[in-house]
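The values are calculated or read from the model by the stated rules, or taken from the named source; none is laboratory data. Not measured: the values here are computed from a predicted model. Here the Cβ positions follow ideal geometry from the backbone for every residue, glycine too, while neighbour counts run over all protein chains shown. Just the protein is used for accessible areas: all its heavy atoms, side chains included, with ligands, DNA and RNA removed. Shrake-Rupley method; radii C 1.70, N 1.55, O 1.52, S 1.80 Å.
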Amino acid sequence: MTQLWDFSGGIHPPEHKDLSTARPIRRAGIPERLILPLQQHIGDPAEVIVEVGERVLKGQKIADVQTGMGVAVHAPTSGVIESILEHPVPHPSGMADRCISLRPDGEDQWCSRNPATDYRALDRDQVLEIIRDAGISGMGGAGFPTNIKLRPPRDRKVSTLILNGAECEPYITADDMTMREKADEVVAGLKVMAWILRPERCVIGIEDNKPEAIAAMRKATEGTQTEIAVIPTKYPSGGEKQLIQILTGMEVPSGGIPADIGVMCQNIGTAVAVAQAVFEGTPLISRVVTITGEAVREPGNFEVLIGTPIEYLLEQAGIEQDKLSRLVLGGPMMGYTLTTEAVPVIKTTNCVIAATASELPAPPPEQPCIRCGQCAEACPMELLPQQLFWYAKATEFEKAEHLNLFDCIECGACSYVCPSSIPLVQYYRFAKGEIRVQRAEQLKADRARERFEARQARLEREQEEKELRRKERARAAAEAQAKKKAEAEKAAAEGEAVDERSAKAALVEQALARKKAKTEASQPPPAADITEETPDIGALEKQLSQAQSKLETMQGMLDEAKAQQADNVDKLERAVAKNHDRVKRAEEALAEARDKLAARPAESQSTH
């Protein structure tokens, strides 16, 4: 027999489980519309990968998480994507979030599926990828992506794999009925997870108030090394840390996770989803949900498509609206009251309680704390609920955090036993939320500061580089000026032109002089009224071509300087303007010379 330990605190509230175990699991059917939230798990919300108006098939992926932590969302049946909208989702605040609205077409047509009947022939990473693509997240708690949970750090070897079948909270019987009717699938999923993790021990923990489930699981595990551990009924023995302590005697360290002590817990429903994904190629598109309470005529457990509105489920169970006083999602201890029946079933939905006024009466008014200490005695985490309450109420969050506020599992045991009817868990949730907001704001401020400091460093670096380039240009300019000055002095000493422009001007003058002398020698003496020299068109054209060439060169240098944002842009602009003037003057001189040459023959004829 498996050795068992106990945990501190705990309570024994009325179970009310017999309401929903009298009937086998029923199929809820297909509603007129399915609402599929993009975030049904811890981590990043999925991104829509289908278009409005597109027809999708049952099991087709319609939203996915490409990077980061998250899982995909699949179409629970075939139909048309009606819209992407903001819609109320299961949350204590009653908030709305982005959802996909799918209108079923009634055909329930499957997409192609790829079962892996011999998963042992695959690599471990391939099986984990199958689980990820199937959109499986934890179905008994916060919805942690299963493929990530099954990939613990290399330095944390999992020696014990626990399947949590305790289901300790009152009213909820989804896992109980799943073990009774799907024991083989539960064990098949456990075997796949054990093959991935290679633990030394596999154990299924079940409370002793579920004899039918215990018998079914014992029969399904015959011939295997899996242990069936029957544990005493006490709330919250189904809490992950409490179940680990009961089955192993070890405590998860404060702020730590079960993998820190070599243990991993998985849910019964998660094991079934893993088996269906591997052996059938079926993604997580449905789950078992308990519909119970005295306000429904036929309470029980239903196989429900993800995205089914709670209103539709209540109709299937025979809701009596005149009796309905309060609608609770989850159990009476850790669940929360729904403000609308329009919220959909998601992957972590396990129970809906339609309670009458006498069944779950409104809590009495909060009274002052009498310091009785009953909350501390009931706390399964051995915290100090009274002190946490005072610090949360006084918004002294740092002190509350110092007393291990985040170790609170929000089981509600302290609120249940409080004679002053203080909603202690609500105070703790408020404090946790405020601390998370403060951390997020601090992280945002730290990142903004880091970005500012990086920008300042970049600007300083760019300024230093700019100053260095300026000094380099100044030094190069000084060296060029010194070189030019030396060449000018050398040219002056040798009787040469001071610069290129002077040399060109001298050549033009010499050419004009030669042309003039040649003209005077070859022609008779000019008439008395003709006294001007004959212009040298070739020389003027050459002068214009040289001016235009230099203008193009200077314009190119200006464009390059502007592109590099150099310091000598203004100087180059003045040089370009000056060269524009030179080109204009050369053009005017050439035009004037040509006009003169054209007028000479007419003047010559008029003299004869």
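Points worth noting:
Yes/no per residue for (1) under 30 Å from Gly53 (Cα atoms); (2) touching a residue at least 60 places away in the same chain (Cβ under 8 Å); (3) open to solvent by 10 Å² or more (accessible area, probe 1.4 Å); (4) within 21 Å of the chain's Cα centre (by Cα):
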{"site": "Glu86", "(1), (2), (3), (4)": "yes, no, yes, yes"}
{"site": "Trp110", "(1), (2), (3), (4)": "yes, no, yes, no"}
{"site": "Pro115", "(1), (2), (3), (4)": "yes, yes, yes, no"}
{"site": "Gly135", "(1), (2), (3), (4)": "yes, yes, no, yes"}
{"site": "Ala142", "(1), (2), (3), (4)": "no, yes, yes, yes"}
{"site": "Thr146", "(1), (2), (3), (4)": "no, yes, no, yes"}
{"site": "Arg151", "(1), (2), (3), (4)": "no, no, yes, yes"}
{"site": "Val158", "(1), (2), (3), (4)": "no, yes, no, no"}
{"site": "Asp175", "(1), (2), (3), (4)": "no, yes, yes, no"}
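- The residues in region 453-464 that are under 26 Å from Lys571 (Cα atoms) and either open to solvent by less than 90 Å² (accessible area, probe 1.4 Å) or in contact with a Lys or Arg (Cβ under 8 Å, 6 or more places away or on another chain) (or both) can be counted, and the count is 1.
- All of (1) touching a residue at least 40 places away in the same chain (Cβ under 8 Å); (2) farther than 30 Å from Asp155 by Cβ; (3) outside any loop (DSSP other than H, G, I, E, B); (4) touching a strand residue (DSSP E or B) at 6+ places or on another chain (Cβ under 8 Å) hold for Ala271 with one exception: (2).
- Among the conditions (1) modelled with pLDDT under 95; (2) under 16 Å from Ala342 (Cα atoms), Leu102 misses just one, which is (1).
- Pick from region 223-258, criterion of a type in the set (Ser, Thr, Tyr) and over 17 Å from Met193 (Cβ atoms), ranking: most open to solvent (accessible area, probe 1.4 Å): Ser254
- All of (1) more than 20 Å from the chain's Cα centre (by Cα); (2) within 21 Å of Cys351 (Cα to Cα); (3) open to solvent by less than 60 Å² (accessible area, probe 1.4 Å) hold for Leu128 with one exception: (2).
- Here Arg218 clears all of (1) crowded, with 18+ Cβ neighbours inside 10 Å; (2) closer than 19 Å to Met177 by Cα; (3) not hydroxyl-bearing (Ser, Thr, Tyr) except the condition numbered (1).
- Test: residue in region 65-77 that is touching a Phe, Trp or Tyr at 6+ places or on another chain (Cβ under 7 Å) and either closer than 19 Å to Ala271 by Cα or modelled with pLDDT under 95 (or both): no
- Verdict on Gln321 being of a type in the set (S, T, N, Q), part of a loop (DSSP other than H, G, I, E, B) and over 22 Å from Leu36 (Cβ atoms): yes
- Looking at region 330-430, the helices (runs of 4 or more DSSP H) lying wholly inside it that each contain 1 or more residues that are touching a strand residue (DSSP E or B) at 6+ places or on another chain (Cβ under 8 Å) and open to solvent by 60 Å² or more (accessible area, probe 1.4 Å) sit at 413-417.
- Close pairs from region 97-108: first outside any loop (DSSP other than H, G, I, E, B), partner among the polar types (S, T, N, Q) and open to solvent by less than 50 Å² (accessible area, probe 1.4 Å), Cβ under 6 Å, at least 6 apart: Ser101/Ser83; Pro104/Thr77
- When residues of region 40-69 are limited to those that are open to solvent by 70 Å² or more (accessible area, probe 1.4 Å) and among the polar types (S, T, N, Q), the one farthest from the chain's Cα centre (by Cα): Gln66
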